[in-house]
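Report on the following structure.
Read-outs throughout are calculated quantities, based only on the coordinates presented, and are distinct from any laboratory measurement. All values reported here derive from a predicted model rather than from experimental measurement. With ideal geometry, Cβ positions are generated from the backbone for all residues, glycine too; neighbour counts draw on all protein chains shown.
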Amino acid sequence: MLRLVTKQILSQTSKRTFQFQNKAPSLCFNQQRIISSRRTIFTNPNMSEEYDLVVIGGGSGGSAMARRSAEYGAKVCVIEQGATRDANGMRTGAGVGGTCVNVGCVPKKLMFMAAQQRESMVGPVSVAKGYGFDVPESAGKFDWEGVKAKRDAYVTMLNGMYLKNWGKAGIETHTGIASFEDANTVKVTSPEGVKTLKAKKVLIACGGKPSTLPIPGAEHTISSDGFFDLEHQPKKCAVIGAGYIAVEMAGILHGVGTETHLYFRGETVMRRGFDPFIVKSLMHSLEHHGPHLHKNSTPEKIEKHEDGTMTLTTADGKSESGFDCILVATGRTPVTDLLNLEKAGVKTDKGGRIEVDAYENTNVENVFAIGDATTTGYELTPVAIAAGRRLGDRLYNNEPRARIDYKTIATVVFSHPVIGMIGLSEPQAIEEFGAENIVVKEAKFSSMIYAFNDADNKVETCFKVVLQGKDEVVVGLHCIGPLSDELMQGFAIAVRMGATRADFEASVAIHPTIGEEFVTFGGWGQKKTAEGTKIPLLPPYITKTEPSKAEIEAQIAVLQLKLSKM
């Protein structure tokens, strides 16, 4: 009964909402849009100079906001710096599509998968021979140049798709460096000249760039951006850093056959934000079949020799020579320094990140910011895309509630092996809820992928769930091992919906799979009483009762009240 009435009310609500949106005069923008040319603004005099929305940055977040806003009728332009380089050939702008498309997620994943293919055939954790394939040693030879050419072509195709989609949406493009004149005026500077744009609203989505290393000889290093410019495979490479980018780069290089050395200052990598159980497993894999590890190492200087090789010396006096590549991945910096934010009055923190609230508002009424250059704390492409779309909903479709929730966001690290996580680590959960309110379930095993490998040549898989309160709500879910990236996307939905341990266990396992471990932890279907005895933990479809007639009527009344206010 309740479902039927709810369906009827929602149907009426949908119709009224549609009529309301079409009648709202404040949402009717000029529909005479100019389809964007791929040339710069300076070579197309037909482009207009006043906009409802000016977007600074043509990356994932900026593009998402621009397209969503244009869809609602806003007159939009995107200012994109382009794939620019400095006098030394170093990238200063990623290009259309931003970091993710050009020097981040996309080309990195392609290289990660290339490394996976090689690791399945040769090396300490290869599985092909175990499954009966005759694999010659030559199978490990990697065609860096050939893969780079195909990878670059794939990225170029994506660049074109971005431009095509902007054009289809009626979004105008301006190529150059953006800077504020005031909160409603943005200047675009390029080799062709200077153009001044007026905007009712401005979105800053400029992203970030790799940080540099302040030591002698740092000019001889490359960043994670520079990795994708390498024309030939390094023979011996040092990777400096302890975060996920350093771990990913080192894993890829080692995976494709480069002698790789990973330098980091502490006892472990990934020391911030990741559950200790997962970090311990990662270190086990790195130590047993990963790159050479240099723990507690602080780089002090880099020397380049006449033969082109380099020597890296650390603060403890140790040196390693013979590197033909040194890659620095010690963090990222927002590229807000060229924007003249002070002219618009926009506030930043000490690191240059733009201060925003939960709705992407800056301290200036008509200026907004999303993505890596903000204080939200998430430098993830899907986060910027979701934030951009929701901001477009709020500003141009009269939906003041629209925003994303930064509290529980899933993420993946393409390390070797892969890490997936959502929610709180065990230490974070204890800090937030108290140790007495937290229970954890852990599992450690080798998947069937490595069934025919010797014990020392198997990749460890580890799963962990962090449960909170008497209902054992899943507030954290962590995994490391093969296919963790794919597993996490599905389980993240359940965690976001507030699933409990009983909800997980109510889902019958799919066997044999890696993911079944999340729904079959030890003690399945049982719980301990205060006296220590075990009793059945029944699933929700048994313990949850049907609502009474009074409860149904109350819920209908609430829905009708909401409808009357629209």
What spacing in nm lies between the two simple spin-label points modelled at Ala149 and Thr529, each 7 Å away from Cα in the Cβ direction? 7.4 nm
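Would you mind counting up the charge near Ile535? Only other residues with Cβ under 12 Å from its Cβ, with Lys and Arg at +1 and Asp and Glu at -1.
In short, +2.
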Can you return the lysines within cross-link range of Lys301? Criterion is Cα-Cα under 26 Å, with same-chain partners fewer than 8 residues away left out. Lys209, Lys235, Lys236, Lys318
Which shape class applies to the chain: rounded if a/c is under 1.5, otherwise prolate when a/b exceeds b/c and oblate if not, where a ≥ b ≥ c are the square roots of the Cα gyration tensor eigenvalues? oblate
Taking the simple approach of a point 7 Å from Cα along Cα-to-Cβ for both Asn340 and Lys129, what is their distance in nm? 6.5 nm
Once you have a ≥ b ≥ c as the square roots of the Cα gyration tensor eigenvalues for region 272-368, tell me rounded if a/c is under 1.5, and otherwise prolate or oblate according to whether a/b is larger than b/c. oblate
Mean separation of Cα pairs under 8 Å and 6+ residues apart, divided by the residue count of region 182-287: what relative contact order is that in percent? 16 percent
For the pair Ala554 and Asp86, how long in nm is the line joining their label points, each one 7 Å along Cα→Cβ? 6.5 nm
At R0 = 45 Å the Cβ-Cβ FRET efficiency linking Lys301 and Thr189, nearest 0.05, sits at 0.75
Using the number of other C-beta atoms within 10 angstrom as an exposure proxy, rank Cys237, Cys77 with the fewest first. Cys237, Cys77
Is the shape of region 99-151 rounded, prolate or oblate, going by the alpha carbon gyration tensor and its root eigenvalues a ≥ b ≥ c, with a/c under 1.5 for rounded and a/b larger than b/c for prolate? prolate
Which length gain, in nm to one decimal place, applies between Asp229 and Lys444 when the Cα-Cα distance is subtracted from 0.36 nm times their residue separation? 73.5 nm
Using Cα pairs closer than 8 Å and at least 6 residues apart in sequence, work out the relative contact order for region 417-543, in percent. 24 percent
DSSP-assigned coil residues among trypsin sites (Lys or Arg not before Pro) in region 272-360, each with at most 12 further Cβ atoms within 10 Å: Arg272, Lys318, Lys350
The lysines whose Cα lies under 23 Å from the Cα of Lys562, excluding any fewer than 8 residues away in the same chain, are Lys7, Lys15, Lys23, Lys549
Within 10 Å of each candidate Cβ there may be at most 14 other Cβ atoms; applying that plus a DSSP loop requirement, which GluC sites (Glu not before Pro) in region 182-280 survive? Glu192, Glu231, Glu267
Applied in sequence order to region 224-236, the curve 6.51 cos²θ - 1.76 cosθ + 1.60 (Karplus, θ = phi - 60°) yields integer Hz couplings, x standing for Gly and Pro, of 5, 5, x, 4, 7, 9, 4, 6, 10, 5, x, 7, 9
Pick out, in residue order, every one of the trypsin sites (Lys or Arg not before Pro) in region 475-566 that is DSSP loop and has at most 12 other C-beta atoms within 10 Å; say none if there are none. Lys544, Lys565
Among the listed pairs Lys201/Lys350; Lys407/Lys444; Lys108/Lys458; Lys108/Lys304; Lys109/Lys343, give every one whose C-alpha distance is greater than 31 Å. Lys109/Lys343
On the formula 1/(1 + (r/R0)^6), with r taken between the Cβ atoms of Glu181 and Asp456 and R0 of 51 Å, the FRET efficiency rounded to 0.05 is 0.20
Once amide H atoms are placed 1.01 Å from N in the peptide plane, what residues at a sequence separation of 5 or more from Ser447, or on another chain, have their amide H within under 5 Å of its amide H? Thr461
Any idea what the relative contact order of the chain is, in percent, if you count C-alpha pairs under 8 Å spaced at least 6 apart? 14 percent
